[in-house]
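Reading through the structure tokens given below for one structure.
Taken together, the values in this text are just the output of simple stated rules run on the coordinates, not laboratory data. Everything quoted here is computed from the prediction, not taken from an experiment. Using ideal geometry, Cβ is built from the backbone for each residue, glycine included, and neighbour counts are taken over all protein chains shown.
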Amino acid sequence: MAWKKAELLAALKELRDRTDELMGLLDQQEDGVDVAPESSWSFPYTPESGSCTASFRIASETALRALLNPVQYVFECLTGGSETKALVALVQSGAPDQLGKQETLSIDELASRCKAVPDRLRAVIRISARLGILQETKPLSDVWTHTPHSLVLRKDSSAPIWAMTSWSQAFVTKIMDKVPDLVSQENAGKTGVELACGKASVFEILSEPQNADLSTYFNLTMKASSPFMAGGVADDYPWEQFGRDATVVDVGGGIGSQMIVVAKKHPKMQFVVQDLEHVCQGGRKFWQTQMPDDMSRRVHFQAHDFYTPQPVELPNNLRPSVYWMRWIIHDWDDDKAIKILQALRHSVQPGAKLLLGEFVVTEHLSKVAAQWMLSMLLYGGTERTEHEYGVLLAASGWKITKLYKTRSPLDIIECEAI
């Protein structure tokens, strides 16, 4: 295939235009904005900057593909998994915790604290540093310090992203190895979980008593994603339309972490988090021990299997204003997703509101959505386009009233019972 000068120039021009656009947005912002993991990520991370950043990433990736030799580009794609493995090794070595937040350590000092082999830890750290996770105080000095991105990997981070490495090591890697088998026609109708573990779904595995640690890692991983997902949920959807004293029913809400930012922004709202009883027990403990009283007293837990009809009565005689499901429907194939949506629809009146927090597939997948799409394939779920969600909802007694794009990778699909 011939190299095309015009295509490369067009890609670079697009990248230049997106860079100018992004610089214009950043010039309007104040300096020193808090980007701590516990923040709402609401500023300067706006829907406008989010859209611009997505366009910038698409343009830069297009330009890079045009610049690199095709063999080199594909080679780099095929070796990309080494970065993930390096991050897992970095966290499991304990390096982010052993290195103080404001401290600098030589590789030998850090390896000694981690009880690691210096040369091998150095290799893991250099791969991680390429991603901006840890940095040298001077080039090739072998003296290391934290970056904002490595700080969130510490065990004392309010966003426990470290748990994702444990979840990945204990479970995800095992089923990722089944992707080639999953594509084969002979495995049609099977999931990666079935092929790797012999179980119907990941949730069956998580519910087994012997997998309590795995369930903890899963729930912490969901909690870790809440800050950068929930900022968009809280700030880019008009929750105030339901009233100051509204009740939000979070169906399949885990330990309720995704509602933290909404609860902070709307101090009069009540929240009912529904999940299986063993999950609710963990949720009650989390809110009682980790959250302030003025918030925890507004969050109520109710054991509920979302395959069964929605309970008629809510805790404390609360009346539902809106139902919320984040990353529920994408976990399941169409038949099971319809059953979940119908179970809710049969218990509510026409006009009832339902919000779905999902990745809605567009022409250009975000990096997060692309990775999630593969995961859902392995778990037996799927990511869908807006049209596909419309068909699914119509078959369940709902209709889409509006699609909200947020500053986070998560989209909000507003639905109404018909």
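Results, tabulated for the structure shown:
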| quantity | calculated |
| --- | --- |
| Extension gain from D305 to N317, taking 0.36 nm per residue of separation minus the Cα-Cα distance | 2.4 nm |
| When the convex hull of its Cα atoms is projected in every direction, mean area for segment 225-417 (nm²) | 10.1 |
| Flagged links, alpha-carbon separation over 24 Å, of K155/K405; K268/K339; K223/K265; K339/K405; K13/K405; K336/K399 | K155/K405; K268/K339; K339/K405; K13/K405 |
| Once exposed loop chymotrypsin sites (Phe, Trp or Tyr not before Pro) are cut out (DSSP; at most 13 other Cβ, 10 Å), longest piece of the chain | 4-306 |
| Total charge dipole magnitude, segment 113-170, about the Cα centre, Cβ charges on Lys, Arg, Asp, Glu only, Debye to nearest 20 | 120 |
| Cβ-placed point charges (K, R +1; D, E -1), dipole of segment 225-417 about Cα centre in debye, nearest 20 | 520 |
| Anchor K190: aspartates and glutamates whose Cα lies under 18 Å away (excluding residues fewer than 8 positions away in-chain) | D177, D181, E204, D331, D333, D334, D335, E383 |
| Gain upon complete extension [Q281, D245; 0.36 nm per residue less C-alpha separation] | 10.4 nm |
| Of the GluC sites (Glu not before Pro) in segment 309-405, those whose Cβ has at most 15 other Cβ within 10 Å and which sit in DSSP loop | E313, E363 |
| Cα gyration tensor shape of segment 81-151, rounded if a/c is under 1.5, else prolate or oblate by comparing a/b with b/c | rounded |
| P(r), alpha carbons of the chain - 20 Å bins starting at zero, rounded % | 22, 57, 20, 0 |
| Ranked K138, K199, K285, criterion: other C-beta atoms within 10 Å, fewest first | K138, K285, K199 |
| Two-site FRET efficiency, N187 against L64, from Cβ-Cβ distance with R₀ of 25 Å, rounded to 0.05 | 0.15 |
| Fraction of antiparallel bridges per DSSP, segment 225-417 only, in percent to nearest 5 | 40 |
| Charged-residue dipole, Cβ positions (Lys, Arg, Asp, Glu), the chain about Cα centre, Debye nearest 20 | 260 |
